[in-house]
1. According to the square roots a ≥ b ≥ c of the eigenvalues of the Cα gyration tensor, what is the shape class of the stretch 25-120, taking rounded for a/c under 1.5, prolate for a/b larger than b/c otherwise, and oblate for the remainder?
2. At 222 nm, what value in deg cm²/dmol follows for the chain if DSSP H runs of at least 4 each add -39500 (n - 2.57) and the sum is divided by all its residues, to the nearest 500?
3. Would you work out the relative contact order for the stretch 12-195, in percent, from Cα pairs under 8 angstrom that are 6 or more residues apart?
4. Contour minus end-to-end for residue 236 and residue 166, with contour as 0.36 nm per residue of separation and end-to-end as the Cα-Cα distance?
5. Can you tell me the FRET efficiency between residue 154 and residue 210 if r is taken as the Cβ-Cβ distance and R0 is 35 Å, rounded to the nearest 0.05?
6. Taking 7 Å along the Cα-to-C-beta vector as the label spot, tell me the residue 79-residue 304 distance in nanometres, rounded to one decimal.
7. For residue 273, put the label point 7 Å out on the Cα→Cβ axis and report which residues of the stretch 141-170 keep their amide N under 18 Å from it.
8. Once the piece of chain linking residue 359 and residue 386 is laid out straight, how much longer is it, given 0.36 nm per residue of separation minus the C-alpha distance between them?
């Protein structure tokens with residue numbers, strides 16, 4: 001492998017490893033909700049205990065991420081990637097065999113901490129191997145996570161149906177194998193870090209911009225309330241307000257998520273061409289009429305509109321990670337931990353508050369309130385600095401993949 005002073009091309013081998021690692025880590029998190037019905041029926045857990053497991057997985061995997069990001073900013077800790085994947089797998093594998101609720105809770109937290117450990121270092125490395133196409137690269141990294149969430153239930157359900165809850169032990173196999181692959185690639189991935197490149201590349205770094213970063217984090221949190229609100233209430237809206245079956249409601253949610261995965265790829269490429277801020281602003285501005293139209297539409301138009309809404313909203317998840325890293329070039333780990341973890345976790349808590357509102361004031365009011373958060377995200381995005389035009393394609397390095 002040869003590298004010039006400034007890596008400009010996306011390294012396909014490195015990105016493939018990181019995306020697959022992301023897929024495997026997030027599959028462990030996606031498996032937790034799928035396990036709940038089995039835990040409730042087999043162990044007699046209450047709904048409160050079951051929901052507490054989801055909360056534990058969410059908090060440990062998202063809110064804790066900035067801490068791991070801070071640690072990786074002080075000193076390179078690329079070993080957190082393979083360790084995180086393995087820990088996530090071990091935790092979810094043990095969930096089915098723990099003899100008590102406290103121990104089950106503890107291994108769910110262990111799995112979440114593994115997910116949290118992987119993400120800051122994983123997104124940092126994804127940024128480095130992306131070269132000049134950072135938004136495109138981050139979109140590929142993010143799609144790995146999107147697929148992972150879908151793969152988790154698909155892996156755990158047949159195992160438990162065939163072998164009972166002890167079948168969860170098999171969930172440790174693939175994360176362990178993926179952890180080994182990432183571990184063997186650490187030296188190569190480390191060669192893309194700025195300190196492994198020339199002094200000229202390090203001199204290009206700009207000072208950290210904490211004020212704009214805080215506003216970006218606010219925009220991400222508002223977008224997360226919008227996203228989790230739709231994730232939670234779209235199936236219920238189809239069943240209660242449009243009077244469809246539960247199957248139709250879940251199908252609409254599937255359409256939204258698939259559109260989001262496709263939107264992630266498109267959003268990353270578009271952000272590299274026209275700018276991150278433009279894409280984020282356009283996304284939030286489009287979300288308002290799309291969601292408003294969804295709430296006023298019949299069944300068939302609602303399918304189309306919720307698919308378009310999912311595409312434009314989820315498309316910016318990878319874009320905001322890159323924006324955070326560019327606003328805090330000296331704190332990439334913290335930036336990744338906040339934009340990938342903390343702000344999204346805060347948004348999830350906000351969506352839970354919307355659930356309380358829906359119980360007391362109705363589903364329609366709760367879903368109309370998410371429009372307010374889309375507008376707030378757009379306003380916060382307007383306050384962000386316009387990024388300078390980048391020279392893409394010049395002084396390109398040759399990277400043998």
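1. On the way: a/c = 2.79, a/b = 2.21, b/c = 1.26.
It comes out prolate by the Cα gyration axes.
2. Working: 16 runs with 304 residues, N = 401.
-26000 deg cm²/dmol, from helical runs alone.
3. Values: 306 pairs, mean separation 72.9, N = 184.
Relative contact order here is 40 percent.
4. Working: separation 70, 0.36 × 70 = 25.20 nm, distance 3.26 nm.
So the extension gain works out to 21.9 nm.
5. Working: r = 41 Å, r/R0 = 1.17.
The calculated FRET efficiency here is 0.30.
6. Modelled inter-label distance: 5.6 nm.
7. Correct set: none at all.
8. Values: separation 27, 0.36 × 27 = 9.72 nm, distance 4.11 nm.
Full extension from residue 359 to residue 386 adds 5.6 nm.
None of the figures in this text is laboratory data; all of them are computed from the coordinates on show. What you see is a predicted model; the values in this text were computed from it and never measured. Heads up, the Cβs are rebuilt from the backbone with ideal geometry, glycines too, and the neighbour counts pull from every protein chain shown.
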